[in-house]
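The structure under discussion appears below in the form of structure tokens.
The values are calculated or read from the model by the stated rules, or taken from the named source; none is laboratory data. Quick caveat, the model's predicted, so the values are computed rather than measured. Backbone-built Cβ (ideal geometry, glycine too); neighbour counts: all protein chains shown. These accessible areas exclude ligands, DNA and RNA; they are computed on the full protein's heavy atoms, side chains included. Shrake-Rupley method; radii C 1.70, N 1.55, O 1.52, S 1.80 Å.
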Amino acid sequence: MDLTVDDPPDSPVLDVRDLRCGYGAVDVLDGLSFTVAASEVLCVLGPNGAGKTTLFKSVLGFLPPRAGRVLVAGRELSGWGRRELARTVAYVPQAHAAPFPFTVGEVVLMGRTPHLGVAGAPGPADRLVAGQNMDRLGIGHLAARSFTEISGGERQLALIARALTQQPRLLMMDEPTSNLDLGNQARVLREVRDLAAGGLAIVMISHTPDHAFAVATTAALLVPDGTLRVGTPERVLTEGALGEAFGRPVRILAGVGEDGATLRACLPVL
Amino acid sequence: MSAEAERDAPAGVDGAAPADPWRRGRWPVVTILSVLLVATVAVSFAVGVTAYPPGTIVEVLLAHLTGRPSTVARVDDVTIWLVRMPRIVAAVLVGGALAAAGAAYQALFRNPMVSPDLLGASGGAGVGAALGILLSWGSAGVQLSAFALGLAAVLVTYTVGTLVGRGTESTLTLVLTGIVVSSLCSALISLTKYVADPDDKLPQITFWLLGGLETVTVRGLLPLLVPVLVGLVPLMVLRWRLNVLAFGDEEAASLGVNPRVVKAFVIVGATLMTAASVSAAGMVGWVGLVVPHAARMLVGPDARRAVPVSALLGAIFLLVVDDLVRTVLTTEVPLGILTALVGAPFFLFLLARGRRAWT
């Protein structure tokens, strides 16, 4: 274990520098740099195949970088043990069904695994953490229901609860709003905003620029040539840049929300 | 680490927390099945061609286990200690081992249609036994060569599967390689049958392949007991991590589980148990496939309960079936045929009742 690099209090939770990664002979991404600090929400946008998932795999340690560095809490990713990393970085996959009908409570409890010994099983203290996170996301009443029987939105909330049960500092969310209806999208996005306000660093992949406008402090737009534009959503997600990235002209419309804040939405021009 | 401190912090409310509020089913299934298993074992000693009162059975067992002198007639002593005891213990071990291994494999491969001989353990053991019978190696030699070739077949499957999959350890490649190795083994079994003496060796090989516990001796119990217990250890120890693996390798890794290590240990454990069972009792089919389904219907898929409940149910199931073989039927029908006759319809019943359990 590498303990020589201390984690300065104000350092970013995730620091990616000049990252290059890919599969086989192909470099999918090259020269990527960005940071995410506590309470920040980075929203990654880009067309299909631009490398959003590849970027996630690199940050989660599934795909070793070919060049550049990925630092988590100031320490090189390769210097982290798997369990130790899972206590700092939690992954929220797209809502999916498990092959076996675990209860929602059991699924959320699996988030305690990195806190257990290799041969350990969760105990009452672990159930308490899992229960608190289910209550926080408003799914406490589903604890004894089968994970395969609840709705897609509830499944997504359960997977977020599982990630929170890892008690991480960084949340990596892969399209948390995909396949959800409008109400559930809003529910998930409000959780994202509240969790960041509570001090979590969050990286989320999205296909909807509207969601970046709604909750992101930083937007990262992957364009097909494998480069990344990073900045505030208003600066990065312009009609010109989005049109170029997705290969279709778009319009950005603005409205006023309940508290007088500006709401932005992106519409494709057909 | 601050996370560890937080983990210990809420320990004060432990007493108020119910045992396991989110599990499926309220019944203390493990306790009930344990009692049922003990009762089935007791009944199994008593029933048979000759029925014995409990006093005689206890006296014989105590005499052999503690060396106390016994007044039981020699013929009854032989029947209870040398005939019934090994058969009952073997039924418990083989049934429990096959069912636990099946439950572990089904969780590991994320597929409820998987049985413990998926990677070629039964096929390899069959070749070993057929070869041992053909070359007249005696019953201990047959058991040993069945065990060795059962392990070898799984090793071949794993190595070839990893090579073919170019180190990715893809589950599909592993399963397909297992099918190839199994059918190669059945070709080799056919070859030994083809060259075997049709009056003497051929019927022996055929009967062994049909499966049965009547050939298990007191001395044959140890080579069964040790691998079954050793193989059970990783299954019991890693069963929480087995749950996490149900969500796929990458999600498991993101939860701090090393999928390769867990898979390797569970495959080694389940293979040990399967190979030992097959080498002692021949091809006893259906137990490893059907019993884990019944277990999951009772307690849900959480391997913390599903693995021990599968083991207990498997032990009871095989013991009851073998008791039927010994008592109800006038001629001894091979055990493997009876488990198939009971298992196949029971599987269809489970399929009809609880499709939701694995969709």
ask   = Counting just the residues of segment A:91-116 that are at the interface with chain B (Cβ under 7 Å from one of its Cβ atoms) and in contact (Cβ under 8 Å) with a residue 60 or more places away in the chain, which one comes out least open to solvent (accessible area, probe 1.4 Å)?
value = A:Pro93
ask   = Residues in segment B:102-142 that are among the polar types (S, T, N, Q), closer than 14 Å to B:Met283 by Cα and not in a helix (DSSP H, G or I): how many?
value = 1
query = Taking B:Leu98, is it touching a Pro at 6+ places or on another chain (Cβ under 7 Å) and modelled with pLDDT of 95 or more?
reply = yes
message = Can you list the helices (runs of 4 or more DSSP H) lying wholly within segment A:199-259 that have 3 or more residues being in the same structural domain as A:Asn184 (by TED's automatic domain parsing) and more than 17 Å from the chain's Cα centre (by Cα)?
response = A:233-236, A:239-246
message = Regarding segment B:172-192, can at least one residue be identified that is among the β-branched types (Val, Ile, Thr) and open to solvent by 60 Å² or more (accessible area, probe 1.4 Å)?
response = yes
query = Has segment A:147-154 got at least one residue that is more than 13 Å from chain B (Cβ to nearest Cβ), at pLDDT below 95, open to solvent by 30 Å² or more (accessible area, probe 1.4 Å) and not in a helix (DSSP H, G or I)?
reply = yes
query = For the subset of segment B:293-349 comprising residues that are of a type in the set (Asp, Glu) and surrounded by 18 or more Cβ atoms within 10 Å (Cβ to Cβ), which member is nearest to B:Trp240 (Cα to Cα)?
reply = B:Asp302
task = Considering every residue within segment A:67-87, establish whether at least one is modelled with pLDDT of 95 or more, basic (Lys, Arg) and open to solvent by 20 Å² or more (accessible area, probe 1.4 Å).
result = yes
ask   = Quick one: in segment A:117-129, which of the residues that are more than 7 Å from chain B (Cβ to nearest Cβ) and among the aliphatic types (A, V, I, L, M) is surrounded by the most Cβ atoms within 10 Å (Cβ to Cβ)?
value = A:Val129
message = If I filter segment B:95-111 for residues that are open to solvent by 30 Å² or more (accessible area, probe 1.4 Å) and under 20 Å from B:Phe207 (Cα atoms), do I get at least one hit?
response = no
ask   = Would you pick out the residues in segment B:235-259 that are within 25 Å of B:Phe147 (Cα to Cα) and more than 10 Å from every other protein chain (Cβ to nearest Cβ)?
value = B:Leu235
query = Within the bounds of segment A:251-262, is there any residue that is surrounded by 15 or more Cβ atoms within 10 Å (Cβ to Cβ) and under 28 Å from A:Leu159 (Cα atoms)?
reply = no
query = Among the residues of segment B:327-346, is any more than 14 Å from chain A (Cβ to nearest Cβ), among the aromatic types (Phe, Trp, Tyr), under 21 Å from B:Val29 (Cα atoms) and within 17 Å of the chain's Cα centre (by Cα)?
reply = no
query = Do we have A:Ala214 as open to solvent by 30 Å² or more (accessible area, probe 1.4 Å) and more than 20 Å from A:Thr88 (Cβ to Cβ) here?
reply = yes
query = Could you count how many residues in segment B:62-75 are under 21 Å from B:Thr217 (Cα atoms) and open to solvent by 40 Å² or more (accessible area, probe 1.4 Å)?
reply = 8
message = Consider segment B:254-283. How many of its residues are of a type in the set (S, T, N, Q) and either part of a loop (DSSP other than H, G, I, E, B) or surrounded by fewer than 24 Cβ atoms within 10 Å (Cβ to Cβ) (or both)?
response = 1
remark   = Per the list (1) in a helix (DSSP H, G or I); (2) in contact with a helix residue (DSSP H, G or I) (Cβ under 9 Å, 6 or more places away or on another chain), residue check on B:Leu329 breaks on (1)
ask   = Only one residue in B:Gln143, B:Gln204 is in contact (Cβ under 8 Å) with a residue 24 or more places away in the chain and open to solvent by 80 Å² or more (accessible area, probe 1.4 Å). Which one?
value = B:Gln204
